[in-house]
Amino acid sequence: MTNFESQGARWDMWAPFYDEDTKNQDASQCVSALTGIAGDGPALELGVGTGRIALPLGRNGIEVVGIDASHAMLKQLHERTGELPVSGRHADMAEFDLEQRFPLVYIAASSFFLLPTQELQMACFVSAARHLADGGRFAVEAAMPQSSGLAGPRDQMIVREISEDHLKFSAFLHDPVTQTVRAQEVRFGGPPEEWRLLPNVMRYAYPAELDLMARLAGLELVSRTADWSGNPLKAASTHHVSVYTPQAPATVTPGAPA
């Protein structure tokens with residue numbers, strides 16, 4: 001099974017629980033910032049999921065094309081789109097070719113880290129760069145590995161919810177050599193036979209590594225902030241929003257040596 005196929009199968013399992021898990025995440029600042037960057041659109045979202053960000057952007061009048069590995073996530077997106085200018089496509093966010101260019105390509109909520117190898121992450125930058133219009137922007141929201149705890153000692157178990165008839169806990173294994181965190185969320189609820197395993201794999205990367213990937217893909221950093229509101233990035237910041245644009249072509253001064 002390829003990484004794309006395994007990602008799709010994994011997030012098909014998560015699809016019934018995704019909205020409940022993210023219901024307390026406020027996307028308003030993200031949507032506002034992306035609306036400003038997108039201009040007249042269209043925008044391309046990598047890892048669109050069920051449309052937590054794409055649908056509000058559509059309500060703001062921005063046409064959004066979203067790609068995702070999960071058929072189940074895309075099914076929910078399509079059911080909610082209605083007359084909004086939002087569409088979803090089943091595609092690999094590491095390697096995709098939509099034969100279209102966008103003034104904005106974005107990936108939010110550390111979804112970039114769901115690509116489990118450096119090679120796949122590099123391929124994502126290359127694909128994003130290929131789909132940018134002249135002067136376009138590639139916006140990446142991701143966790144700061146150290147201050148967010150993602151790169152900390154993660155060989156642990158965390159109880160997330162507990163009640164008389166429900167238990168949810170997560171187990172993590174951290175490999176600092178490959179910069180990967182393997183996770184398994186376990187849910188019990190209702191009759192004893194009702195339980196689920198929800199796996200996940202993430203490869204975190206530091207901002208400097210993202211910048212190098214960007215340069216290799218022909219992009220350069222335009223701005224980096226702590227959040228979508230534009231607050232300055234500090235040592236204690238848990239996340240960052242980095243925006244890249246195609247590198248300016250090199251210029252040769254008349255009379256200078258070639």
Number of positions in region 210-243 that are touching a strand residue (DSSP E or B) at 6+ places or on another chain (Cβ under 8 Å) and either at positive phi or of a type outside the set (A, V, I, L, M, F, W, C) (or both): 13
Some residue of region 192-213 being over 19 Å from the mean Cα position of the chain (by Cα), assigned to a helix (DSSP H, G or I), free of Cβ contacts under 8 Å to residues at least 40 places away in the same chain and farther than 13 Å from residue 139 by Cα: no
2 or more residues closer than 24 Å to residue 227 by Cβ and either touching a strand residue (DSSP E or B) at 6+ places or on another chain (Cβ under 7 Å) or open to solvent by less than 20 Å² (accessible area, probe 1.4 Å) (or both): qualifying strands (runs of 3 or more DSSP E) within region 1-115: 43-46, 64-68, 102-107
Those residues of region 176-191 which are within 30 Å of residue 235 (Cβ to Cβ), open to solvent by 60 Å² or more (accessible area, probe 1.4 Å) and part of a strand (DSSP E or B), in sequence order: 182
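Kindly indicate which of 175, 155, 227, 211 is acidic (Asp, Glu) and closer than 14 Å to residue 110 by Cα. Show your work before the answer.
Values: 175 fails: closer than 14 Å to residue 110 by Cα; 155 fails: closer than 14 Å to residue 110 by Cα; 211 fails: closer than 14 Å to residue 110 by Cα.
Among 175, 155, 227, 211, only 227 is acidic (Asp, Glu) and closer than 14 Å to residue 110 by Cα.
The values are calculated or read from the model by the stated rules, or taken from the named source; none is laboratory data. Because the structure is predicted, anything quoted here is derived from the model rather than measured. A quick note on method: Cβ atoms are made from the backbone with ideal geometry, for glycine too, and the neighbour counts reach across all protein chains shown. Ligands, DNA and RNA are excluded from the accessible area calculation, which covers all protein heavy atoms including side chains. Shrake-Rupley method; radii C 1.70, N 1.55, O 1.52, S 1.80 Å.
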